[in-house]
Amino acid sequence: MILEAPKPGRWAWFGWFSIVFLIAAQAISIAISPPDRDMGDLQKILYIHVPAAWNMGICYLLVAIYSLRYLWKRDERNDLVAASAAEVGTVLNGLTLALGMIWGRPTWGVWWTWDARLTSTLIMFLVFAGYLALRAFVEEPERRAQWSAAAGIFGAINYPVVYMSVRWWRTLHQVQSAPSTLDPAYTLSLRLNAFAILFLCIYFIRRRYEAALTERVAEQTLQAAVLGGAARG
Amino acid sequence: MAFRDDWMRARAVAWKDLTAERRSKAGFNSVAALGITILVLFGFALGPDAEAIRAAAPGALWLAALFAGVLAFNRSYQVELEGGALDALLLFPGSRRSLFAGKLLANFVFVLLLVAIVVAASLVLFHVAVPPTWPAMLLVIFLGAVGLTTLGTFYAAMASRSRAREVLLPLLLFPMLVPVLLAAMEATKALLAGDVMRDARAWISLLVAYDAIFLSATFLAFDAVIEA
Amino acid sequence: MIRVTSDSADLAIDARMLARRFGARWVLRGVSFTLGAGEAAGLVGQNGSGKSTLLRVLCTLIRPSTGSASVFGADLVREADLVREAAGFFSPVPGVYDDLTARENVRFAATMLRRPAADADSSLERVGLSHVADDRVRGFSSGMLRRLALARLIVQQPRLLLLDEPYNNLDTEGIALLNDAIRRTLGRGGAALVVVHDVASAMPVVGRWLALREGRVEAIAAPPPVLDAIGPPSPSPAVAVR
């Protein structure tokens, strides 16, 4: 299949829009939400932490959907979208973990606790780190696409199972750590930021996809040059 | 007809792997010895306190089985790669799923024996008494071995043919195996503590679910992985 | 993609611009040729000219990066299973299991190919290995291993033989056995593509020579073989393609 290079600059406006939207959403939520009774201003970290976690889930879902589409249609572009979503998802996953720890240290007094959500988020980070490592260690594009499609789908399927198992493991031994109940006053800010991160996420996936596609198109151009030589020769 | 052919092929592959393994012996013996060594090392890590060691036994034995088992999964494809036998295997016409089924079966027998030896060793080393609910314990061993083997055999098909297979297989496999390991450890712990099938039942159903999900998923995806 | 079934079904191999790359390196750069039923062709070229890769692409072990080919009318990629049914690949490495006996190795292949176990025993006899049939393969000489691989090929009875340097390590008798197997295949309406360095061994069976150079077909010559096309560096093919 002959791939076509993405047209440059078509998505630039969307990038600007999502950055402005994020800044606005942050500004609004900092302005309208009062400091938390217990946590004070620390609570504002949740406006990135929670949306990042949600969008991480969306990214991994995209990996599974596009991996399935790749195996179904064998269109290389689906593989590139899955890979881009996995990269963005892993970054959001890392951000979620880091912010969670920064928030947890003053709140719970520890950097880490073996809470179900925390632990399964960490496991997903490791699963998709494995996915990215697999991609890095396999050069042949078709083989890489097929193998990582399987790994991506399996990773996504595994998420609910991991979550369930860790939750059982926790409840059978220790009391569930108190989940942070959110005051209704915060929900608007949270939603705004969730969309802001979603837009940014879409933009990043798109840019990573364009870069990967351009790389593949360059390879194909080289291929045409090599094989064209044969036709003339 | 097609199913019978596939089953014949799967059986032939499993028989071939197990015969070679039985004749060479070195493979299984060294993997089993490694499993026991890991148990001993866990013993050192957990201190000489008998009570602490007994409490940690379920975790230690499943981890020992996992670390030793990973070597078996890579070995199982290594044998094919060394003499160029994988090429010959892939050139046989017919479904590739039968190859996976055969490898899976052979690896399963291998891991089952390995877990049996590790459990026996931990009964001695960790002062664990055989629980009265031992039939349930056998079920846990069986289901746990299926779980480890299914994804182990599947990911080894990829990892053994990539660069850096030594690190790639555990990196891919271990996070994926978290539910099996947790369930097997917890079920073992509950049964050893003389649990009246209350905690253990939930974990056993989790094992069944995990095995069912990933057995079907690997069979569906194997064609895509072994090609190219 | 248009496929002319009636034409290519008669051809043992119909390759159209086959190309294959590994990473950034193009090993095959557009190979087109045909091989008719009943025909045996020799494939020559320097190291790295793409001979082995071409054979591995044709037996479906690796997919072509671009281009297409059919084996007895079956497409390499879309009908790979039919191609595997028709083609028998004789690899330079024997691909047998050291800890199984010779008989077990061939019987295993027979089971996988859905051939009766008796075929395995008779083919071992034909390649002259029946006296060691129940010995473990570990410790076999390389010549014996080649014969064992040949026994497996005889069990398969493929219509198309793809032989990669088949004469290596074979003694005179082994070479005669192999050539006999090739002749029988041709007699059944099959075909053979043989990669050779030692041209003399293949002379009795090969009817046409193909020379590869840097992943392209450089020359096609009728017998006697054009030695210039085989010999090292100097690019002076006596019979150029175009």
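Computed from the coordinates by the stated procedures, all read-outs in this text should not be read as laboratory data. All of these numbers come straight from a predicted model, not from anything done at the bench. As a convention, Cβ positions derive from the backbone with ideal geometry for all residues, glycine included, and neighbour counts pool all protein chains shown.
Sequence-ordered 3J(HN,Hα) estimates for the range C:197-203 from the Karplus curve with 6.51, -1.76 and 1.60 and θ = phi - 60° stand at 9, 8, 4, 4, 5, 8, 3 Hz, glycine and proline given as x. The phi-based Karplus calculation (6.51 cos²θ - 1.76 cosθ + 1.60; θ = phi - 60°) puts the 3J(HN,Hα) values of the range A:144-157 at 4, 5, 5, 5, 6, 4, 4, 5, x, 5, 4, x, 5, 4 Hz, whole numbers, x for Gly and Pro.
Based on the Kirkwood radius over alpha-carbon pairs, what value in µm²/s does the Stokes-Einstein equation return for the translational diffusion coefficient of the range C:5-230 at 25 °C and 0.890 mPa s? Roughly 138 µm²/s, to the nearest whole number.
Based only on Cα atoms, what mean projected area does the convex hull of the range A:60-107 have, in nm²? Let's see the in-between values first.
Details: hull surface 12.6 nm².
Value for the range A:60-107: 3.2 nm².
Any idea what the relative contact order of the range A:1-148 is, in percent, if you count C-alpha pairs under 8 Å spaced at least 6 apart?
20
I'd like the mean, over residues of C:99-109, of how many other protein chain beta carbons sit within 10 Å of each residue's own Cβ. Numbers along the way, then the final one.
Values: counts 10, 5, 2, 0, 0, 4, 3, 0, 2, 9, 5.
Per residue, the number of nearby Cβ atoms from other chains is 4 on average.
Counted by Cβ distance under 15 Å from A:ASN55, the other residues give a net charge of +2, where Lys and Arg count +1 and Asp and Glu count -1.
The distance separating the Cα centre of the range B:15-63 from that of the range C:87-150 comes to 37 Å.
When you look at the Cβ of every residue in A:142-149, what mean number of other chain Cβ atoms sits within 10 Å? List each step's numbers first, then the result.
Working: counts 5, 9, 2, 2, 8, 11, 1, 3.
Averaged over the peptide's residues, the number is 5.
Using r as the Cβ-Cβ distance of A:THR107 and A:ALA24, and R0 as 35 Å, what FRET efficiency do you calculate, to the nearest 0.05? Efficiency computed from Cβ-Cβ geometry: 0.80. Computed from phi, the 3J(HN,Hα) profile of the range A:15-23 under the Karplus parametrisation 6.51, -1.76, 1.60 (θ = phi - 60°) reads x, 4, 4, 5, 5, 4, 4, 5, 4 Hz, with x in place of Gly and Pro. In this simple spin-label approximation, C:ASP171 and B:ALA2 carry label points 7 Å from Cα along the Cα→Cβ vector, and these lie 4.8 nm apart.
For chain A, the C-alpha radius of gyration sits at 1.20 times the compact-globule guess of 2.2 N^0.38 Å, with N the residue count. Can you tell me which of A:VAL91, A:VAL127, A:VAL217 moves the most in a GNM of chain A? Springs connect C-alpha atoms under 10 Å apart. Sorting by GNM fluctuation, first place goes to A:VAL217.
Lys and Arg at +1, Asp and Glu at -1: add these up for the other residues within a Cβ distance under 10 Å of C:PHE22 and post the number. Please list the in-between numbers first.
Values: positive: C:ARG20, C:ARG21, C:ARG25; negative: A:GLU139, A:GLU140.
Computed value for this residue: +1.
If R0 is 22 Å, the Cβ-Cβ spacing of A:ALA224 and C:SER68 corresponds to a FRET efficiency of close to 0.85.
Dividing the Cα convex hull volume of chain B by residue count, how many Å³ per residue is that? Intermediate values should be presented prior to the final figure.
Numbers: hull volume 28.3 nm³, N = 228.
Dividing the Cα hull volume of chain B by its residue count gives 124 Å³.
Springs between Cα atoms under 10 Å define the GNM used for chain A, and in it the highest mean-square fluctuation of A:ALA194, A:ALA27, A:ALA212 occurs at A:ALA27. What is the log10 of I(q)/I(0) for the range A:33-130, computed with the Debye formula using one identical point scatterer on each Cα and no solvent, at q = 0.11, 0.16, 0.21 Å⁻¹? With no solvent term, the Cα-only Debye profile gives -0.41, -0.71, -1.00. Using a Gaussian network model of chain B whose springs link C-alpha atoms within less than 10 Å, name the residue from B:PRO58, B:PRO93, B:PRO132 with the highest mean-square fluctuation. Result: B:PRO93 has the largest fluctuation of those listed. The local environment of A:ALA136, defined by Cβ-Cβ distances under 10 Å, has a net charge of +2 under the rule Lys, Arg +1 and Asp, Glu -1.
Inter-part distance, the range C:177-194 to the range C:56-84, computed on C-alpha centroids, equals 21 Å. Based on alpha carbons, the Rg and Dmax found for the protein assembly as shown are 29.9, 96 Å. Legend: P(r) of the range B:54-103 from all alpha carbon pair distances, 5 Å bins from 0, whole percents, reading 5, 16, 18, 17, 13, 9, 8, 6, 4, 2, 0.
Using the Cβ-Cβ distance between A:LYS7 and A:LYS73 with R0 set to 25 Å, the FRET efficiency works out to roughly 0.65.
Relative contact order for the range C:5-230: 27 percent, from Cα pairs under 8 Å spaced at least 6 residues apart, divided by residue count.
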